[in-house]
């Protein structure tokens, strides 16, 4: 089930949509047999709206970014909710610039790698399911953490996928020692979530501001200040 209504469906949603289609078909057939025409029409209308809504959530647009070697690309669709200096206490234990994108249920929920490089750390932590726009969700919610060493200058980015109030599964394709590239999916977060990036202090120029909307694998959110290592 790769396409529904002309939309490319992310692989993480195909089984869910197939099961949903089967359940809705069974319920509608049962209502048709047991309750008659009016109840069937009502349930069918609700079923169609629900199926289109869930299908839209799992849409997976094909995007190819054109970025320079120093560019850092948005890992997700959504709204920039945090750009601030903070102490990253979960893994790095040092000051970083935190950049957070909140993804509502209406956004594309596929995540992309923001830079090319090598994964030097991956971990998953269980936690709560607080609203993803809350600052403490970054350290209290269920989350996956990926640290990438940039090919261009050997600096590191920490990327954190955070489950939201509705999210119950974070999918991450990264693993330690994996070489990663732009235009490649980092993972997928189901039903409302957030993605944080922790930049090294004084190493990047931020190109967007809080309140701006981002498009995953398209919006250039920052740029390394250092020249490429081979220059």
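Condition check: exposed (fewer than 15 other Cβ atoms within 10 Å of the Cβ), under 16 Å from the mean Cα position of the chain (by Cα) and outside the structural domain of residue 18 (by TED's automatic domain parsing). Does residue 124 satisfy that?
Criteria met by residue 124.
Specify the residue that is surrounded by the fewest Cβ atoms within 10 Å (Cβ to Cβ); the eligible residues are those in the stretch 108-121 that are modelled with pLDDT of 95 or more and either outside any strand (DSSP E or B) or not assigned by TED's automatic domain parsing to the domain that holds residue 213 (or both).
116
Can you pull out every residue in the stretch 92-106 that is modelled with pLDDT of 90 or more and out of contact with any helix residue (DSSP H, G or I) (no Cβ under 9 Å at 6 or more places or on another chain)?
Across the stretch 92-106, the qualifying residues are 92, 93, 94, 95, 96, 97, 99, 101, 102.
Determine which member of the set 216, 187 is at pLDDT 90 or above, under 18 Å from the mean Cα position of the chain (by Cα), outside any loop (DSSP other than H, G, I, E, B) and over 17 Å from residue 96 (Cα atoms). Walk me through how you get there before you give the answer.
Numbers: 216 fails: outside any loop (DSSP other than H, G, I, E, B).
Unique residue meeting the criteria: 187.
Any residue in the stretch 198-216 that is not assigned by TED's automatic domain parsing to the domain that holds residue 80 sitting within a Cβ distance under 6 Å of a residue that is in a loop (DSSP other than H, G, I, E, B) and at pLDDT 95 or above? List the pairs, counting only those 6 or more apart or interchain.
none
The values are calculated or read from the model by the stated rules, or taken from the named source; none is laboratory data. The model shown is predicted, which means the values in this text are computed figures rather than measured ones. So basically every Cβ, Gly included, is an ideal-geometry build from the backbone, and we count neighbours across all protein chains shown.
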